[in-house]
Structures are given as structure tokens and as C-alpha cells.
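The values are calculated or read from the model by the stated rules, or taken from the named source; none is laboratory data. None of these values were measured; they are calculated from a predicted model. Glycine gets a Cβ as well: all are built from the backbone with ideal geometry, and neighbour counts include every protein chain shown.
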Amino acid sequence: MRPFLLILAAALIVPSTAHAQVDFTGEWGPAYHEDRPERIPGPEIGDYMGLPINESARRAADSWDADRISVVTPYQCRPHSADYGMRGLGNLRVTREIDPLTQRLIAFHTYMPAWGSERTIWMDGRPHPADEAEHTFQGFSTGVWDGNMLVITTSHLKTNYYRRNGVPSSDIRKFTEYWTRHRDFLTVVTVLEDPVYLTEPLVRSQNWFLDPGQQLQPFSCEYVPEVLAPTADAVPNHLPGTNPYLMEVADWYGLSLDAVRGGAETMYPEYRQKMGPPHTTPPAHCERYCVCSAAGGCDVKPPKPRSR
Amino acid sequence: MTSRWIALTLCLATAPLTAQGPPPAAAPPRSAKAAAPVDFTGYWVSVVSEDWRWRMVTPLKGDFASVPVNAAGRALGEGWDPKHDEATGQQCKAYGAAAILRMPGRVHITWQDDTTLKMELDAGTQTRLFHFEETAARKTPPSDGRATANGPLTWQGYSVANWERPPRGVEVQNAIPVFSVPTGLRGRSLEVTTTRLRAGYLRKNGIPYSDKTDVSEYFDYRKHPNGDEWFTVTTVVRDPVYLDSPFITSSDFKKEPDGSKWHPTPCEAR
């Protein structure tokens, strides 16, 4: 009888702050209602719109060649890092790890089938490791509650990309996430700070809807030489000033050249008064990625008008 | 076994007792302004790091990317004619409540009174009112033509607001208090539901929403590690006429120290 009373007493004195404030657990489906052509089929070459990047990032991205993935096969299975993964989006499962003795929340675990990405967000107050500790694609994450908002800090990331057309991110970047749940919608704001490639924090927000009952699939990836490499150590690239494809994005969508080059200034409303004219006469009608299907894809070419 | 049940009963009976005492004097309910868990007032600027080419410039005709618009909506969008909108005085079709927070611009938020939060927007020089209380007086159309719950359809519609409670599952309190500690009680988000909308555009290139549309918005405030203050509004647009599914976006706003960059402009159709 005494142990039973002790258990009851313990249940009464466990502090409430040790428990989860909001339940994020379950399966979530991604809402690709922003930047879908960039996130599903992939960004256009030279599209740096809306990114507060510096000249170093711009030059690195200008050198990028899509054949790099086909030739340098290890790139084929390189996962999205934790920060890009939350932007690229995908089906998401969130689970809780509970200490069986104290019933306190130890960690949230997330799984996204794309590249089998798994993250752990430690909620038990442990510190981040020393700067010299291992860097990984998913980094090291800790979380704290701010009311009903989960605030996550992630460090120890490997180099990756802010946009998967070669816009680089450094391995000393850190990012903060703000998770909120509203009814059956999950919104995650990511704030990225990178002294190497960003001139001010990159703030983006992503949305999921609750989609219980998903059986998420395992992920596998094998290297396959897709393009014959000219030499064994070739890394496809464009030297400065030689990339012939950088203007395409401006011409396809009727934009000025300075706008597509990005930079912090271009993110603010007053930039619209400074923006130059379109590089070429804009098309009269959308010609690329105009309609996206519910299943996720976007057609490169618009559907032909129905004959009457 | 009997002793065990006695112990359990004692604990269950004791827990509520700790909250008992002399009945508190009935305190007047706090107004929405007094009860505000966070302060949204001030000047805020939209920071366009997402959907850049659909927000900072007018997209090309026929560009429906990312919007779950159905065939009927696409057909209407293909007929977009900004000249016609200008000629018929409908330049503000893309500045309605379902779309206006995607516009690059600034918002100025103040309390109009203890139960009404006012949001002014310099893009299109629009004003939205978030009503925290539904009163009979508000349901009576005012003489100045403002939107009401039963009034005419307008670009900004009629918005009802509340400080959102966190998700709780079923509303009845069935959890046995001895075995669980209630958590998640610190809701601090602003929830706004808008109806009575005049038909408009989700984007400036004529992607339509109908007058059957309703909009749910969730405003979340936060402070960044560098001290900057931001809010993000998650917007859910539901339109049974032109959308296949709810249209979900989230828009980010950064606080500014003053209104020196406030720049009201008229609606533009192109």
C-alpha cells in the first residue's frame, strides 16, 4: 500500500514545466502553396530572388552546373540539411520520447522520407556541444517552450544550400525555428544566420496540415553515373562570367536582371520603386511551371487550351 | 484492496479541495485589449523572402503555380483583364482580406477601442477591423457603410477575433487530475475569421476567389535572438467555388521603430 501512495504523491508534485505544452506528434502533410515550382521540380538556374545573400554566395551559385550531381555521384545521395529540409518540405512524422520514470519529455524526433532525414530535438536542457564537435546534415538541436510556441536552436550543420541551384550555406550557420500549431495546421518559421553568405537573417515560414494514417516509406539511394565524366576528377562548373544560363530566369518570367540576383534590399517593399525594367519584353502568357497538380508536380509547359 | 481504494478516493477528493475556498467576488471580465497576451500594435513591414516573383511583381497571365485553384478558377484567371478592372472601378480586387497580407507593404496596428483591433495597410490604403465581441450593436449596419456581420460584402469583409486557446482535443475535461497535469494553457495567438467578402483575386494576375470565401488567420508574435520583433500570420483561405483545397500561406512581418516608411498607395490593377 505504501508504494501506491508514494506513486500518487509523486504524480501530484511533478512540475508542469517539464511537460510538453503542445502536441506536435503525428503525421503531417506538406502544403506547397508557396514557391512550389522551386520546391518540387526545382529552382531555375540563376534564381536568387528573395535571398539576403552576399556577393560570395552569388559567385558560388553562378559557378554551379546541374551536371555536377550527375558526374560527382556522391552528390546524388547528399541529403537536405535540417534547415533546407524544413523549406523543401515533405511528409513529416513527429514523435515524442518520454522518460519512463519521470514522464518528462526528453526529445521530439522527426522523420521525413526524403533522404530518410531524422532529427532529434532535445528538450531536456542539455547544452550544445563544443564548436569543434562533429557537424552533420541534421545538426544538433535543442528546444524550449515559449508559451505554446516551440523554439528550436540548431547548430553543428554541414555545408549545404539555401536553394538547390547552388546557393551555398556555410557550416557555421545556425538557425532558430518557431513551431506553432493552429487547429490542424502546423507552421514552422526558420530564421537562418550565416556570417559567411548572408547579410541579414533569412526568415521563411512553412506549413503542414495534419494527415494522420500515413505510412511513411523508407528511403534508399544508390549512386549511378548519369553523365560520362570528361576526366576522373571532373567537377562540372562555370568559371566567373561564363555561365550562359543566368539570364534565362529573368526572361522567362519578365523580370529585371538585378531582381533575380537577390540581396537583402530586394526583400523590402520599397525595392519595387528601385527595380529596373524587365530584361526583355515579358511573355504575354505564362510559359513555364504555370499549373501544379495536387499530387505535387508542376508542368514545365502549360496545358494546351481545349479546342471548342 | 479496500485500503487502496480509500487512498485513491482520498487523493481524488483532496485535489479539488486545494482550489476551494470562499467564493471569489465576481470580477468584471477583462476587455480583449486588457487581456492581450502579446502586443501587436505598431508599424510592421512585410519581408518578402518567399513567393518573390508572385508578390513583388505582377505575375504573368495564366501563372497559377502553387495555388490549388480548380478548372473553373483557371478559366476565369485566363480571362483576367486589368483594363476592365480599372474601367469598372475594381482595382482593389487583389487587395481583399484573402490576399492583402501577401502584398509587399507595411501594416499599422492599433486598438480602435477595447474590443476592436485596427489594421491599416499602406498597400492599397486599406483598413481591416478585428472585432473581439459580437454584439447586437455591431450586427446593425452603421450609417457610415462599414462592414458588419450582416452588412454588404466588402473587400475586407467582417472579421471576428479572439485570443486563440491552444488545441485541447475534446472540450470536456475528462482527465483525472491526480494522474495528469494540465499543460498548454498559455495560448497567445491571435485568431481571426473573416467572412462577408466581396469576390476578389488571390494574386494580382486574376486568380479568383468567390464571395463564398472565408479566411482563417493565426497571428504569432516572437522575438528573435538579435532582439528583432516579428509576427507571422498563417492564412487559410477556403473557397468552395474556385479552390480544390484550402489555400495555406504564411507571411512574415518585422517590426519597425516608427512610421517613417509608411507610404499609402492606391490600389493598382496591374
### Message
Looking at (1) within 23 Å of the chain's Cα centre (by Cα); (2) modelled with pLDDT of 95 or more; (3) loosely packed, with under 14 Cβ neighbours inside 10 Å, which one does A:VAL260 not meet, given that it meets all the others?
### Response
(3)
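For segment B:205-228, which residues satisfy the criterion of being within 12 Å of chain A (Cβ to nearest Cβ) and farther than 20 Å from B:THR116 by Cβ? Even if it seems obvious, please write down each step before you answer.
At the first step, the residues of segment B:205-228 found to be within 12 Å of chain A (Cβ to nearest Cβ) are B:205-207, B:216-228.
Within segment B:205-228, B:ASN205, B:GLY206, B:ILE207, B:ASP220, B:ARG222, B:LYS223, B:HIS224, B:PRO225, B:ASN226, B:GLY227, B:ASP228 qualify.
Run down B:GLY96, B:GLY73 and say which single residue is crowded, with 21+ Cβ neighbours inside 10 Å and in contact with a Gly (Cβ under 7 Å, 6 or more places away or on another chain). It would help to see each step written out before you state the result.
Numbers: B:GLY73 fails: in contact with a Gly (Cβ under 7 Å, 6 or more places away or on another chain).
Result: B:GLY96 is the single residue among B:GLY96, B:GLY73 that is crowded, with 21+ Cβ neighbours inside 10 Å and in contact with a Gly (Cβ under 7 Å, 6 or more places away or on another chain).
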### Query
Only one residue in A:PRO269, A:PRO283, A:PRO278 is under 20 Å from A:PRO41 (Cβ atoms), surrounded by 12 or more Cβ atoms within 10 Å (Cβ to Cβ) and not small (Gly, Ala, Ser). Which one?
A:PRO283
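Looking at segment A:66-80, which of its residues are charged (D, E, K, R) and within 20 Å of the chain's Cα centre (by Cα)?
Of segment A:66-80, the ones charged (D, E, K, R) are A:67-68, A:78.
Across segment A:66-80, the qualifying residue is only A:ARG78.
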#### Entry: Residue under evaluation A:ALA284, criteria (1) under 27 Å from the mean Cα position of the chain (by Cα); (2) assigned to a loop (DSSP other than H, G, I, E, B); (3) at pLDDT 90 or above, criterion not met
(1)
#### Entry: Failed item in (1) at positive phi; (2) facing chain B (nearest Cβ under 10 Å); (3) surrounded by 22 or more Cβ atoms within 10 Å (Cβ to Cβ), with A:GLY147 passing the rest
(3)
### Message
Yes or no: segment A:235-243 includes at least one residue that is modelled with pLDDT of 95 or more, among the hydroxyl-bearing types (Ser, Thr, Tyr) and surrounded by 13 or more Cβ atoms within 10 Å (Cβ to Cβ).
### Response
no
### Enumerated helices (runs of 4 or more DSSP H) restricted to segment A:236-281, each holding at least 1 residues that are over 28 Å from B:LEU101 (Cβ atoms)
A:248-253, A:257-260
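Among A:ILE152, A:ILE121, which is more than 14 Å from chain B (Cβ to nearest Cβ) and of a type outside the set (Asp, Glu)?
Residue meeting the stated conditions: A:ILE121.
Quick check on this structure: which one of A:PRO168, A:PRO218 is away from chain B (no Cβ under 13 Å) and either in contact with a Leu (Cβ under 6 Å, 6 or more places away or on another chain) or assigned to a strand (DSSP E or B) (or both)?
Details: A:PRO218 fails: either in contact with a Leu (Cβ under 6 Å, 6 or more places away or on another chain) or assigned to a strand (DSSP E or B) (or both).
On inspection, the qualifying residue turns out to be A:PRO168.
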### Task
Could you name every one of the strands (runs of 3 or more DSSP E) located completely within segment B:95-173 that has at least 2 residues being closer than 19 Å to B:SER210 by Cα and modelled with pLDDT of 65 or more?
B:158-164
## Note on the structure
Considering segment A:195-215, residues that are in a loop (DSSP other than H, G, I, E, B), surrounded by 10 or more Cβ atoms within 10 Å (Cβ to Cβ) and not aromatic (Phe, Trp, Tyr), and then whichever is nearest to the chain's Cα centre (by Cα), we arrive at A:PRO201
#### Entry: Selected residue (criterion: farthest from A:LEU157 (Cα to Cα)) from residues of segment A:77-111 that are touching a residue at least 60 places away in the same chain (Cβ under 8 Å) and part of a strand (DSSP E or B)
A:LEU105
### Query
Is there any pair with a first residue in segment B:67-88 that is in contact (Cβ under 8 Å) with a residue 40 or more places away in the chain and a second that is surrounded by 19 or more Cβ atoms within 10 Å (Cβ to Cβ) and β-branched (Val, Ile, Thr) whose Cβ atoms are under 6 Å apart and which are 6 or more apart or on different chains, and what are they?
B:VAL67/B:ILE207; B:VAL69/B:ILE207; B:GLY77/B:ILE207
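Just checking, does segment A:155-165 include any residue being within 13 Å of chain B (Cβ to nearest Cβ) and over 14 Å from the mean Cα position of the chain (by Cα)?
Within segment A:155-165 (the criterion being within 13 Å of chain B (Cβ to nearest Cβ) and over 14 Å from the mean Cα position of the chain (by Cα)), the answer is yes, since at least one residue qualifies.
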### Task
Would you mind telling me which numbered condition in (1) within 10 Å of chain B (Cβ to nearest Cβ); (2) at pLDDT below 90 A:MET49 fails?
(2)
### Flag if B:VAL69 is under 30 Å from A:GLY147 (Cβ atoms), within 11 Å of chain A (Cβ to nearest Cβ) and at pLDDT 95 or above
no
### Query
For segment B:10-59, what are the residues that are assigned to a helix (DSSP H, G or I), modelled with pLDDT under 55 and within 11 Å of chain A (Cβ to nearest Cβ)?
B:LEU10, B:CYS11, B:LEU12, B:THR14, B:ALA15
### Task
Take segment B:60-94 and flag every residue that is in contact with a strand residue (DSSP E or B) (Cβ under 7 Å, 6 or more places away or on another chain), outside any loop (DSSP other than H, G, I, E, B) and of a type in the set (A, V, I, L, M, F, W, C).
B:VAL69, B:LEU76, B:ALA94
### Query
Which condition number does A:VAL188 fail, the rest of (1) aliphatic (A, V, I, L, M); (2) out of contact with any helix residue (DSSP H, G or I) (no Cβ under 7 Å at 6 or more places or on another chain); (3) surrounded by 16 or more Cβ atoms within 10 Å (Cβ to Cβ) being met?
(2)
### Query
Could you say which residue among A:VAL235, A:VAL224, A:VAL196 is among the β-branched types (Val, Ile, Thr), in contact (Cβ under 8 Å) with a residue 12 or more places away in the chain and touching a Pro at 6+ places or on another chain (Cβ under 9 Å)?
A:VAL196
### Query
Looking only at residues in segment B:229-245 that are touching a strand residue (DSSP E or B) at 6+ places or on another chain (Cβ under 8 Å) and facing another protein chain (nearest Cβ under 8 Å), which one is modelled with the lowest pLDDT?
B:ASP244
### Query
(1) part of a strand (DSSP E or B); (2) buried (at least 22 other Cβ atoms within 10 Å of the Cβ); (3) touching a Pro at 6+ places or on another chain (Cβ under 9 Å): which one isn't true of A:ALA57, the others all being true?
(1)
